[in-house]
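Nothing in this text is a laboratory measurement; each read-out follows from the coordinates by a stated rule. Small disclaimer: the values here were computed from a predicted structure and weren't measured. With ideal geometry, Cβ positions are generated from the backbone for all residues, glycine too; neighbour counts draw on all protein chains shown.
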Amino acid sequence: MKRVVALIISVLMLGALLLCSAACSKDSSGLRRIVLNEVTRSVFYAPLYVAASQGFFEDEGLDIEIVTGGGSDASMTALLAGEADFALMGPETGVYVINEGKTEHPVIIGQLTKRDGSFLLGREPVDNFSWDMLRGKSVIGGRVGGMPYMTLMYVLNKHGLTPGEDVDVINNIQFNLMGGAFTSGAGDFVTLFEPTATQFQNEGAGYIAANIGLESGEVPYTTFMTSPDTVKNDPELIMKFIRAIAKAQDWVRTASDNEIAKAMQPYFPDTAVETLEIVAKSYRETDSWMQTPVMTEEAFERLLDIIDFNGQLTERVDFKELVDNSFAEKALKELGK
């Protein structure tokens, strides 16, 4: 968390020098070009890719470029530096910024996923997995202060396991390098998102033992953020963006697993449609995707509970200080939802 905050503070200090955001130009088609920085590339974010591939952003006059940050600190830094108009990341990063006393902080304008999207993988197939099997073992769990790590810690405690005593949680490996570290021999277990988890299993590099999201319960796991300047000076851009997301969420709700797989494949060119269909089915069955962009205060409070449990919460953040549901609520009314 300290590394995240240090990066954020340094960018905030440079913010006054920035003259223009990434959205100042239009492309040759007349669409307004916008940049979204995503924390990682994952099928977990299927509705976002659907919004792009199915033309929902174009319908709103937007040409979106999706850039993968490789970590919430990188995504937040890109947003604050004006390199991105929107960022898709865990809401905990916004909580940290507010806890540092920053009044001009990013705002959450919509929610994409509602539970942890990672799976616990071991080196051998397990027919009847028990969390007690982790005793005396090591797990690659992400960085301290990040949602994957904090959710894992929360789940371990739920099952009576004390990290550092009963199980060794490895927390010094960058999020997008966790899979590679596991294949190189680090850890007895690892937590991975899709489609990586299924690909590992298909290749015999690891075997899915448990779904972290089902164990942790519903939380606002991944959200869309934008800068306070965009909220103040360009609310119509936010409306266009969030309408596209709301349309995609509604499309995903009724589409088949195969249709979802085909719609997102342009963003996973090296993954077979059959694999994408399997993981789409998995995330649908575990009710991982939001059906609207509106975040509930109850889910937000559970998020704060998890952060607090991990010792990363200086003080609880007021829901309305970080979350602005007005754009999502207006979009739903306009769409007749």
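Structure above, values below:
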read-out	value
For segment 262-278 and segment 295-313, distance of Cα centres in Å	33
Matching label, mean projected area of the Cα convex hull in nm² computed from the structure shown, candidates [x] 20.2; [y] 16.5; [z] 21.3	[y]
Pair Glu298, Asp234: separation of 7 Å Cα→Cβ label points (nm)	3.6
Sites Thr103 and Glu259, calculated FRET efficiency, Cβ-Cβ separation with R0 45 Å, nearest 0.05	0.55
Antiparallel content of DSSP bridges confined to the chain, in %, to 5	50
Residue-averaged [θ]222 nm for the chain, counting only DSSP H segments that reach four residues, each worth -39500 (n - 2.57)	-12500 deg cm²/dmol
At R0 = 25 Å, FRET efficiency that the Cβ-Cβ distance of Asn128 and Lys158 yields, to 0.05	0.85
Kyte-Doolittle mean at least -0.5 and Cα axial length at least 20 Å: DSSP H helices in the chain	235-254
R0 of 41 Å, Cβ-Cβ distance Ser184-Asp308: FRET efficiency to nearest 0.05	0.75
Amide N proximity, segment 172-203 versus Lys137 label position 7 Å along Cα-to-Cβ, cut-off under 12 Å	187-191
Relative contact order, percent, segment 119-216 [alpha-carbon distance under 8 Å, six or more residues apart]	47
